[in-house]
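Bear in mind that the values in this text are calculations on the coordinates, not laboratory data. As the structure is a computational prediction, the values presented were derived from the model and not from experiment. Cβ: placed from backbone, ideal geometry, glycine included. Neighbour counts: every protein chain shown.
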Amino acid sequence: MPKKPLEAIEEHFSKVTDPRKDRTKDHKLIDIIAIAICAIICGAEGWTDMENYGNSKVLWLKSFLELPNGIPSHDTFGRVFGRIDAEQFQKAFWEWVWAVNDIVQGQIVNIDGKCLRGSDEQRLGKRAIYMVSAWAAENEIVLGQRKVDEKSNEITAIPELLKILDLSGCIVTIDAMGTQTAIAKAIQEADADYVLSVKENQGHLFEDISVLFGVDQEQNFKYASLDYHKTVNKGHGRIEARECWSTSNPEYLNLIRNLHNWAGLKSIVMVVSTRIIAGKQSKDTRYYISSLESNAERILQVVRRHWAIENELHWVLDVALNEDRSRVRKDHSPENLAVLRHIALNLLKQEKTAKGGIHAKQLQAAWKDDYLLKILAAANYRP
C-alpha cells in the first residue's frame, strides 16, 4: 500500500482552516476529510454513513491515517463540514484539481448550474442552494464550482467562477443564461474562447442571427458563403442528423446590431437537429455566437460536447450519488458536501480498469480495498 494514498489531497486541504477550538479537536481535520472522501466513493450519502463506513474500515484506514481517537461520530462530521469555510474548501478543491490533472489546450469546458434540491428550508423561507460548476469534457472532471448567492443568479456567479480557473487555451460553452456581454468579455480576458447559445430572450441578437440564416435557408443555401458540416447517428431505433452552418463573413457579422459589445465575436452558427424515432420526425434549430473562426465541424463538436455536463456530471450526481435526495442543509454543509461529491466523482471517473458505471465502481470500492486504492491513485500527482 502507498504510504499516503491521499498525499496530494492532504497537501492542498491542509490549508483549510480548522473551525474547531483546540480543546474540541479529538480528530485531525485531514482525517475527517479523508474518511469522508473514501466513504462517498464507496456510496455514503450523509454523516451517519461516513461514521458507519469508518468503523467498518478502521484497521485499513489506520494504515495511512493517524486516527488518534478512532473514527469521528456522525455529529462530528456534521459539525465540522457545517463550519468549514466553504470558500476555502472550494479553493482547496480547484487547486488540487489543477495540480494533479493535465488540462490540455483546446479543452472544452462546459459551465452550467445545478440546484441542490434537498437543501431548501421552506419553513424558514430559505431557498435551495444553486451551484455553478465547470466540467472539463475530455478529462471528465469537475474543475471548480461556485455557489450562487441567494440574492443573485448564474449571471453573476459565472464570472466569479471564471476568475478562479485557469482556462487559457480552452473553449468555454454555456447555455443561453450565460450569453451575456460581460461573460463573453470575462472569457476572452481569461485567454479562452467561447461558444454561447443564443435564444429568444437575447432580443436583437437572436433576431438578427435567425434572420440572416433564415434568408439563406429560404434559398436552400444556394448563394450562401457558409461553412457546413453534417453528422448522422443511428441506433436504438432512432436516427439523429445534425447539420451545422457557420460563418465569419463580415457581410453577415456587420449586420448584427451592437456587434462591438461582444468581445472577440468572430462567427455566428446555426445547428439544425433532425430526429426520427418510430417513424416520427422532429426538428430543432439552435443558434450560437463564438470567438472561434468559422469551422462548422469543430463548432458542431463543441456544441455536442456541451451536454456532457448534463449527462456526465449532473445526471450522475443525482442517479449514482443521490445528490437530489440529500437533506443536508445546515450552515456550509450543503456546499462542502457538494465539493466532497465532486472529489469522489472525479476520482471514480479517472479509474478506467473496471467495467460498468459509477455505481458499479462504488460497490467494488466498498468491497475491495485494493480497488479503492486504484481509485485513490488518481488523487495524487502524476509520475
Response to the item:
VAL232 and ALA128 label points (each 7 Å along its Cα→Cβ direction) are spaced in nm at 4.1
Practice prompt. Assign one of three labels to the range 1-96, namely rounded, prolate or oblate, based on the Cα gyration tensor with a ≥ b ≥ c the square roots of its eigenvalues; rounded applies when a/c is under 1.5, prolate when it is not and a/b is larger than b/c, and oblate otherwise.
Written response: rounded
Worksheet entry | Candidates ALA184, ALA344, ALA241: whichever shows maximal mean-square fluctuation once the chain is modelled as a Gaussian network with Cα springs under 10 Å | ALA241
Response to the item:
Largest fluctuation, GLU207, GLU251, GLU293 only, Gaussian network model of the chain with Cα springs under 10 angstrom, belongs to GLU251
Worksheet item: Among ILE276, ILE299, what is the fewest-to-most ranking by other Cβ atoms within 10 Å?
Response: ILE276, ILE299
Worksheet item: So how do 52-59, 175-182 stack up, highest first, on mean other-Cβ count within 10 Å?
Response: 175-182, 52-59
Worksheet item: Suppose R0 equals 41 Å; then what is the FRET efficiency for ASP284 and LYS15 from their Cβ-Cβ distance, rounded to the nearest 0.05?
Response: 0.35
Item to complete: Just the number, please: percent antiparallel of the DSSP beta bridges in the chain, rounded to the nearest 5.
Response: 85
Discussion item. For a quick check, take a GNM of the chain with Cα springs below 10 Å and name the residue from TRP47, TRP135, TRP60 with the largest mean-square fluctuation.
Written reply: TRP60
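With an 8 Å cut-off on Cα pairs and a minimum separation of 6 or more residues, tell me the relative contact order of the chain in percent. Display every interim value, and only then the final one.
Values: 657 pairs, mean separation 81.2, N = 383.
About 21 percent, as a whole number.
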Worksheet, complete the sentence: Rounded to two decimals, the Rg over Rh value of the range 281-347 from Cα coordinates and the Kirkwood Rh reads 1.16
Fill in: All-pairs alpha carbon distance profile, the range 189-298, 5 Å steps from 0, percent
2, 11, 21, 23, 18, 12, 7, 4, 2, 0
Response to the item:
Taking R0 as 41 Å and r as the Cβ-Cβ distance between ASN322 and GLN219, the FRET efficiency 1/(1 + (r/R0)^6), rounded to the nearest 0.05, comes to 0.20
Item to complete: Give the label of the value calculated from the structure for percent of Cα pairs over 41 Å apart, choosing from (i) 31; (ii) 27; (iii) 22.
Response: (iii)
Discussion item. Let me check the size of the range 151-253 from its C-alpha atoms; what are the radius of gyration and Dmax in Å?
Written reply: 17.0, 50
Discussion item. Which of rounded, prolate or oblate describes the range 232-355 when judged by the alpha-carbon gyration tensor and an a/c cut-off of 1.5?
Written reply: oblate
Item to complete: Name the residues whose placed amide hydrogens come within less than 5 Å of the amide hydrogen of VAL172, ignoring near sequence neighbours (fewer than 5 apart) on the same chain.
Response: VAL109, ASP193, TYR194, VAL195
